[in-house]
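What follows is a single structure, written as structure tokens, with notes after it.
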Amino acid sequence: VTGVQTCALPISDACNAANLATKKPGTLTIGTDNPAYPPYFLENTDGSKDAFWQLGVPMNGLGFESAVAYAIAAELGYEKGKVEWTYIPFDLSYAPGAKTFDLDITQVSYPPERATAVDLSEGYYYSAQAVVTLEGSTIAGATTVADLKGARLGAQQGTTSYKTITDVIVPSTAPSVYDTNDVAIQALIAKQIDGIVVDLPTAFYIIAAQLEGGKIVGQLPVSEGPDAEH
């Protein structure tokens, strides 16, 4: 998601650091959500924690999206010290209105309606949606989408994960919506819902690091070609 002029590769003179009209002259401001989820953002290798950023630390260049962001910055002529990160809640990253960032990288999928308010890049990652639950839950043994129809499901607001519940699973109970995946996980632990829907890489991180006794029920069908989620 970008708040500056569109720049094609190879980078033209109009799209290098000296000529870009960024929010802060001489600096590229990049937005992302917080917690910054692995594997898109990773913790510091020395184990040190950041006072603000949770789970992953965008500034260290580790993790897929952090590395992509710094690679873009380098192509534009911004050295690492000229890159600043700012917290942007996911659903505000693509909302209409003025932006406080030059670009945002936070697993923003490409439904056409989002492209009416902001510029979206071509896909840099393709992913399926997945259902996460607790071992022993009513949906732990589900093997088909039909097996999820009676489930109480939840997802982060404004995400394609939520849209997957409403448009693909279509459960008999209205899905729950949460400000963040972390809140959804807590609702799952409290058994307020039976499962949450997230993208597949995030699902693997949740069951490995955030959810004791967690299980990936399965991944949802994805479309082929240009309509695949990216």
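The values are calculated or read from the model by the stated rules, or taken from the named source; none is laboratory data. In this text, all values refer to a predicted model and were calculated from it rather than measured experimentally. For neighbour counting, all protein chains shown are included, and Cβ atoms are generated from backbone atoms with ideal geometry for every residue, glycine included. All accessible areas refer to the heavy atoms of the entire protein, side chains included, with ligands and DNA or RNA removed. Shrake-Rupley method; radii C 1.70, N 1.55, O 1.52, S 1.80 Å.
Before we move on, is Pro221 assigned to a helix (DSSP H, G or I), modelled with pLDDT under 95 and on the phi < 0 side of the Ramachandran plot?
no
Hey, among Lys215, Lys191, which residue is farther than 19 Å from Lys163 by Cα, in contact (Cβ under 8 Å) with a residue 60 or more places away in the chain and not in a helix (DSSP H, G or I)?
Values: Lys191 fails: in contact (Cβ under 8 Å) with a residue 60 or more places away in the chain.
Only one candidate passes the filter, namely Lys215.
Kindly indicate the residue of region 99-143 that is modelled with pLDDT of 95 or more, of a type outside the set (Asp, Glu) and open to solvent by 60 Å² or more (accessible area, probe 1.4 Å) and also nearest to the chain's Cα centre (by Cα) among those meeting that condition.
Among residues in region 99-143 that are modelled with pLDDT of 95 or more, of a type outside the set (Asp, Glu) and open to solvent by 60 Å² or more (accessible area, probe 1.4 Å), the one nearest to the chain's Cα centre (by Cα) is Thr100.
Determine which single condition Lys80 fails, assuming it passes every other condition in (1) among the charged types (D, E, K, R); (2) under 17 Å from the mean Cα position of the chain (by Cα); (3) exposed (fewer than 15 other Cβ atoms within 10 Å of the Cβ).
Among (1) among the charged types (D, E, K, R); (2) under 17 Å from the mean Cα position of the chain (by Cα); (3) exposed (fewer than 15 other Cβ atoms within 10 Å of the Cβ), Lys80 violates only (2).
Of everything in region 183-203, what is surrounded by 17 or more Cβ atoms within 10 Å (Cβ to Cβ), closer than 16 Å to Leu134 by Cα and not aliphatic (A, V, I, L, M)? Give them in sequence order.
Hits for region 183-203 are Asp194, Gly195, Thr202.
Would you please name the residue that is farthest from Gly81 (Cα to Cα), looking only at residues in region 18-50 that are small (Gly, Ala, Ser) and assigned to a loop (DSSP other than H, G, I, E, B)?
The qualifying residue farthest from Gly81 (Cα to Cα) is Gly47.
For region 21-35, which positions are touching a residue at least 60 places away in the same chain (Cβ under 8 Å) and surrounded by 14 or more Cβ atoms within 10 Å (Cβ to Cβ)?
Residues satisfying the conditions are Thr22, Lys23, Leu28, Thr29, Ile30, Gly31, Thr32, Asp33, Pro35.
Restricting attention to region 161-182, report how many residues are in a helix (DSSP H, G or I) and either over 22 Å from Leu55 (Cα atoms) or open to solvent by 60 Å² or more (accessible area, probe 1.4 Å) (or both).
8
Inside region 150-204, can you point out the residues that are more than 15 Å from Ser137 (Cβ to Cβ) and of a type in the set (Lys, Arg)?
Lys163
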